[in-house]
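Let me begin by presenting the structure, written as C-alpha cells, before commenting on it.
Read-outs: derived from the displayed coordinates by stated rules, not from any lab. Just so you know, these numbers come straight off a predicted model, no measurement behind them. Cβ placement follows ideal geometry from the backbone for every residue including glycine, while neighbour counts extend to all protein chains displayed.
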Amino acid sequence: MAEPTTQVKKLLALNIKALRKKHHFSQEKLAEATNLSAQSISDIEGCRTWVSDKTLEKLAQALNVPIFQLFMPLDDDNESTETLLYDRLMKLRAAMKEDIDNRLDQFYLSEKSFSQ
C-alpha cells in the first residue's frame with residue numbers, strides 16, 4: 001500500500017484527536033472502544049503510522065461519525081465541513097421555500113384580481 005501524503009495523514013490525526021476530545025475520550029478509552037492499543041492511538045494521532053480500512057471503521061464507529069468525516073477539514077469548533085454545509089443547505093432550502101410561497105401567493109392574487 002502506498003504511503004499517504006503527509007497532509008492527509010495530518011488531517012486524519014488532527015480529526016481523530018479532535019473528535020476523541022469532543023467525546024471526552026482519553027487515548028486509553030478510545031483504544032478500549034476500538035480494540036486497539038493506546039500506543040496505536042498515540043501513533044495515529046502523532047502521524048507516526050497509517051491505518052488500515054478496518055482500523056478506520058473501528059475509529060469511525062467509536063467516534064460516531066462516518067469514515068469519510070475523519071478526512072473532512074474541521075472548523076475552529078471541531079465541526080465538520082459536512083455539518084456546516086448541511087446547515088447552510090437547510091437555510092437555503094428554507095429561503096427558497098419562502099420565496100416560492102411568496103411568488104405563488106402573488107400569482108394567486110394577480111390571477112384572482114384578473115378574473116374578477
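For this structure, a couple of remarks:
- Dipole in debye (nearest 20) - segment 1-74, about Cα centre, beta carbon charges: Lys, Arg +1; Asp, Glu -1: 240 debye
- Contact order normalised by residue count of the chain, Cα under 8 Å, 6+ apart, percent: 24 percent
- Annotation for residue 93 and residue 108: the two label points, set 7 Å from Cα along the Cα-Cβ direction, are 2.3 nm apart.
- For segment 31-71, Kirkwood radius (reciprocal of mean inverse C-alpha pair distance, Å): 10.3 Å
- With 26 Å as the limit, the listed pairs 54/91; 21/54; 91/112; 22/54 have 54/91; 91/112 beyond it between alpha carbons.
- Counted by neighbouring Cβ atoms within 10 Å, the residues 72, 96 run from fewest to most as 96, 72.
- Overall dimensions of the chain as given by Cα atoms, namely Rg and Dmax in Å: 23.0, 80
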